[in-house]
1. Give all pairs with beta carbons closer than 6 Å in which a residue from segment 181-197 that is within 17 Å of Ile213 (Cα to Cα) and modelled with pLDDT of 95 or more meets a residue that is part of a strand (DSSP E or B) and open to solvent by 40 Å² or more (accessible area, probe 1.4 Å); count only pairs at least 6 apart in sequence or on separate chains.
2. Checking Pro688 against (1) crowded, with 21+ Cβ neighbours inside 10 Å; (2) under 24 Å from the mean Cα position of the chain (by Cα): exactly one of these is not met. Which one?
3. Please list, ordered by residue number, the strands (runs of 3 or more DSSP E) wholly in segment 701-800 having 2 or more residues that are under 32 Å from the mean Cα position of the chain (by Cα) and crowded, with 16+ Cβ neighbours inside 10 Å.
4. Just one of Leu351, Leu339 is within 24 Å of Lys38 (Cβ to Cβ) and in contact with a Lys or Arg (Cβ under 8 Å, 6 or more places away or on another chain); which is it?
5. Identify, by number, the condition in (1) open to solvent by 10 Å² or more (accessible area, probe 1.4 Å); (2) touching a strand residue (DSSP E or B) at 6+ places or on another chain (Cβ under 9 Å); (3) farther than 22 Å from Gly228 by Cβ that Ile416 doesn't meet.
6. Counting just the residues of segment 245-302 that are farther than 27 Å from Arg167 by Cα and among the hydroxyl-bearing types (Ser, Thr, Tyr), which one comes out surrounded by the fewest Cβ atoms within 10 Å (Cβ to Cβ)?
7. I'm checking my understanding of the structure. Among residues of segment 298-333 that are of a type in the set (Val, Ile, Thr) and in contact with a helix residue (DSSP H, G or I) (Cβ under 7 Å, 6 or more places away or on another chain), which one is nearest to Ala353 (Cα to Cα)?
8. Of everything in segment 599-644, what is open to solvent by less than 30 Å² (accessible area, probe 1.4 Å), within 25 Å of Leu472 (Cα to Cα) and not in a loop (DSSP other than H, G, I, E, B)? Give them in sequence order.
Amino acid sequence: MENPLLKKSGFPLVLVFGLFFISVHLEAADDESKIWFKQPARDWNEALPVGNGRLAAMVFGQVNRERIQLNEESLWSGQKINNNNPEALKHLQEIQQLLLGGKNIEAVRLAEKSLLGTPPRVRSYQSLGDLWLEFDAGQKVENYRRELDLQTGISTVSYVIDGVHFRREVFVSAPDNIIVVHISSSKDASLNTKISLSREQDAVIEAAGDKEISLVGQVVDMADANSGPAGEHMKFAARLIAIPAGGRTRVVNNSLLVSDATSLTLLVTAATDHNLAKLDFDRSINPMAACQEALAKVRGKPYEAIQAAHIADHEALFGRVKLDLGGSSAQEIPTDERLNAVIKGAEDQGLIALYFQFGRYLLMGSSRLPGVLPANLQGKWNKDMQAPWGADYHTNINIQMNYWPAEVANLPETVIPYINFVDQLRAPGRITAREMYGAGGWTLHHLTDVFGRTGVADGVQWGTFPLGAAWLCLQVWEHYLFTGDQVYLKTKAYPIMKEAAQFVLDFLIEDKKGNFVTAPTASPENTFILPSGERCQLTYGTTMDAEIIRALFAGCIEAGKILKDDRAFVSRLETTLKKLSPIRVNKFGGIQEWIEDYPEAEPGHRHMSHLFGLHPGNSVTPETPALFEAAKKTIERRLAHGGGHTGWSRAWIINFFARLLDPEDAYQNVLALLRKSTLPNLFDNHPPFQIDGNFGGTAGIAEMLLQSHRGFVHLLPALPQAWPNGEVRGLCARGGFEVDLKWESGKLTASKILSKAGNPCKIRYGDKVIELKTKKGMFYSISGDLKKYDIHVGHLFLLK
């Protein structure tokens, strides 16, 4: 009799009951969880990051004068502004007709007057300031070590001076919502330090009692025609408490002087008056009162209890995934030395595993509760008052790339701030859709900020990307595909997606061939050459737009059918898809980027937007062989002309090659990401630092090991020869599955799948495909040849 759990018969099956336990061997992977150095950080790019999603810090590890740079996620200059150009709708049809008629330059001239945002730029995410710790200078420093333990989320500095061992621990607690600094010494009454806070502008700092320091400020913006009017804008505050063990503490000017202590704990928190629900300041919020409320909850709580709660919370998320890529461990070698060796030509599989886990760590540190905002261009770590690109939310790939690893790397909680932020953007996005395009639904363009800016920014050629909202929706949809949460789909995801799709329906126009196209638009940041020899970016009907629309409409259609609702709307989407402009192959055999086969001004451009259908979309696969081959040629041409020269672009290429089932090229680009675009502390280098490359790199490594975008769970789809032996635990697949894999000599030897939702599971390894009927909460242990199964209600990894 056929087992009802197994849709394909003919294989032995054993049912096992017991407690769930994964008997895998990942000790090597556990070792690869520390970034460490023999010396202090010389600059910010060597400091080590800690964060809890809301607060963040960079630890330098200096011996005599320590700097810990601080951030609070919502501290921005600027203010809420409707920057929709009031002339847009009046001239929209004329701009569209100029573009359809091939008069692109005329369309640009008109668009610069009538589409460009008023004002065209956003301001910047800002540093909160710095915490300084000054110590007695010893004669000689010995046994120095500076490290970041990804497993615990604690940055540690340790050294010996004159026979006394000093140790500092810094972490940012999510349970207690504070930054914690703990300093200890091996000798009683040997700790002497001066504690101070600083900020280069817009703040007043003063001691508050003999053991506290307060920082109170308000961002003062000067008038800027490009960024907005002058004003006293966001209010912010920080508060520090010093808790010494032994010794005495006194105020010196605006600093605290601790003398003859044995240990010292500092608790720091910060707040602003930003309100996500309003995308604006909220003067009913008192930032200092918020700080004092947070600190009141931990007053009297022992350091050991604060640390234990932090570690338990951190490990519960971080410990879900383990990765061992084989090879001998080089953990005893400092991380910067390992990276330098790779830059010089060495290969270090442990460093790649460490880089993968660092990406997961950074996502946890920059996007989770108690934070409410998503990770920006720098996550939550920024030292500047005017950050590169404002450390804003670029919506033409960068914020989306930030979340590529979230689901597959088993950190679905990190997507929640992103989803909620996107949800809040609908309100200003509706105004932009209506005022600029006369459309329903909601939209935005190529960037936004914490105030919800949605008009065209930076310039009409760079900034005219009216499908920014549509692309943002796809990660919202992905969260459902991985979790299967129908309540979330009905109440959150589908309403966001439907409104974005409504905008697209209203925005589309017919071209001369009768196809539906977008206009005006651009293929993000790339430039083509017109027959006249003039360079231009503004056009209609880009390939990326068509691919995004197909992905969004497909998601809305599936969601509508799952919810058994909106039949008329679903039918309209299906009808529109049939008339959408097709994806074309260009004269080089690659995927054509624009509506016409224009020459590229920069054939090695960092953006590869026309490959959206390959990744992160799923419309270019082996099931579409002509486009699949064209995608290969597109990447070959890009790379031949110097493509991938920025960190995030290189990370995207890893994902492309993984989707092309090309393990060796994917691996070579992992090496290139480390060799060309990684800073000493493993931050991604655009240049300068930009965090999306870290997240894209982590996602790419996961894509090499597990894929699920083609309707089945594909095991080891792009395993390179450099990883002959290894194992991974805890990756996730669409459909609600968690997957463990083990391989030897380049061949899968064992896998285990946890069914979280009870969905059917089609599994592929090589050319073999099986399909299981699963039950929620059951574990399925599968042999490497996919011929033998053990099914567990609990925990026993037993492959016979």
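The values are calculated or read from the model by the stated rules, or taken from the named source; none is laboratory data. No experiment lies behind these values; they were computed from the predicted model shown. For neighbour counting, all protein chains shown are included, and Cβ atoms are generated from backbone atoms with ideal geometry for every residue, glycine included. What goes into the accessible areas is simple: the full protein's heavy atoms, side chains included, and nothing from ligands, DNA or RNA. Shrake-Rupley method; radii C 1.70, N 1.55, O 1.52, S 1.80 Å.
1. From residues that are within 17 Å of Ile213 (Cα to Cα) and modelled with pLDDT of 95 or more, the pairs are Lys194/Glu134; Lys194/Leu257; Ser196/Trp132.
2. Every condition holds for Pro688 apart from (1).
3. Here the list reads 713-715, 726-733, 737-744, 747-755, 761-765, 779-783.
4. On the way: Leu339 fails: in contact with a Lys or Arg (Cβ under 8 Å, 6 or more places away or on another chain).
Step by step, each of Leu351, Leu339 is checked, and only Leu351 is within 24 Å of Lys38 (Cβ to Cβ) and in contact with a Lys or Arg (Cβ under 8 Å, 6 or more places away or on another chain).
5. Evaluating Ile416 over (1) open to solvent by 10 Å² or more (accessible area, probe 1.4 Å); (2) touching a strand residue (DSSP E or B) at 6+ places or on another chain (Cβ under 9 Å); (3) farther than 22 Å from Gly228 by Cβ leaves (2) as the failure.
6. The selected residue is Ser284.
7. Top of the filtered list is Val321.
8. Within segment 599-644, Ser609, His610, Leu611, Phe628, Ala631, Thr634, Ile635 meet the criteria.
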